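Peer 1: Take this structure first; my questions come after.
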Amino acid sequence: MGQSDPFLNSPADPPAAIKRLGQNFLIDPNIVRKIVALADISQNDPVLEIGPGRGVLTEVLCKTAGHVTAVEIDPRLYAYLTERQAEFPNLTLVLDDALVYPVENLPSGTIVVANLPYYISTPLLFRLLDQRDRFPRLVLMLQNEVADRLVAKPGSSDYGVLSVMAQYAAEITKAFRVSAQCFRPRPEVGSAVVLLRTRVQRELSAAEEPKFAALVKAAFAHRRKTLVNSLKDEGYDQGRIAGALDRLALSPSVRAEVLSREQLIQLTRGMLSPG
Ligand code: SAM
């Protein structure tokens, strides 16, 4: 990082990676550049980075954005980056767990860029999408299988709760795969970078959204069963389900995995309306 005099100000060696914290550090500058380019950041934009690690992505983000907030859970990495803080006047380093850090206090228009720790990528993603009004886009490095589930279409084996709920919140593109060789240490799973452009327009009201989330979860809870049986097993009223399917001209033997997001939205509305 930076051009500091190596004799006067030689930085300490970076701390060794801790596997349980998902520490697979990027070592390929081309991948770093591609991630930052995909985020389409202008010089006034605020950016949130989760897990800055040794700062390889942070450094380029700071040169590109107006301000960067970077949340790191590992005190050793936090201390390592704090030592270099002088090089990055537009960086706010935070020592915290990104699962509890109050992202709702970040300014509206914040772009999220992260090589996520894979062990918590799904709950983290949903925390961020819950606050999507302030995040126009998110560029995330994820486990390749999670990326496939995020972009999966109805009828595919990857299609499920994650696909429906994430696609409800954002338009998602799988941008590129990243080889294990681009990290140290190398991850045991494949990786990919996804771009999520959050949806400004809400298709459901604030009151309907939790009902939709619950219905989607129940619909996919028993993958080998029909939608009617799956929902019945999860406590939904069979007569109401049958009525809603009938009004949507859907077969009583339909399975959740072939229903589009729009159909699941209509089903939620159908289940809520009387008759
Ligand atoms: N951004 C760096 C890079 O690309 O080389 C590091 C990415 S590494 C895959 C994930 C980073 O997230 C690590 O620095 C790890 O310590 C940090 N991390 C893990 N769990 C975290 C959490 N709950 N909250 C914040 N950071 C976390």
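Peer 1: Can you pull out every residue in region 138-178 that is of a type in the set (Lys, Arg) and in contact with a helix residue (DSSP H, G or I) (Cβ under 7 Å, 6 or more places away or on another chain)?
Peer 2: Arg149, Lys174, Arg177, listed by residue number.
Peer 1: Which residue is farthest from Ser121 (Cα to Cα), if the candidates are limited to region 83-104 and must be among the polar types (S, T, N, Q) and at pLDDT 95 or above?
Peer 2: Asn90
Peer 1: Evaluate region 159-182: report whether one residue or more is charged (D, E, K, R), assigned to a helix (DSSP H, G or I) and under 30 Å from Arg33 (Cα atoms).
Peer 2: Scanning region 159-182, I find no residue that is charged (D, E, K, R), assigned to a helix (DSSP H, G or I) and under 30 Å from Arg33 (Cα atoms), so the answer is no.
Peer 1: In region 234-260, what residues are surrounded by fewer than 18 Cβ atoms within 10 Å (Cβ to Cβ) and part of a helix (DSSP H, G or I)?
Peer 2: Gln238, Gly239, Arg240, Ala242, Gly243, Asp246, Arg247, Val258
The values are calculated or read from the model by the stated rules, or taken from the named source; none is laboratory data. What you see is a predicted model, and the numbers here were worked out from it, not measured in a lab. Cβ: placed from backbone, ideal geometry, glycine included. Neighbour counts: every protein chain shown.
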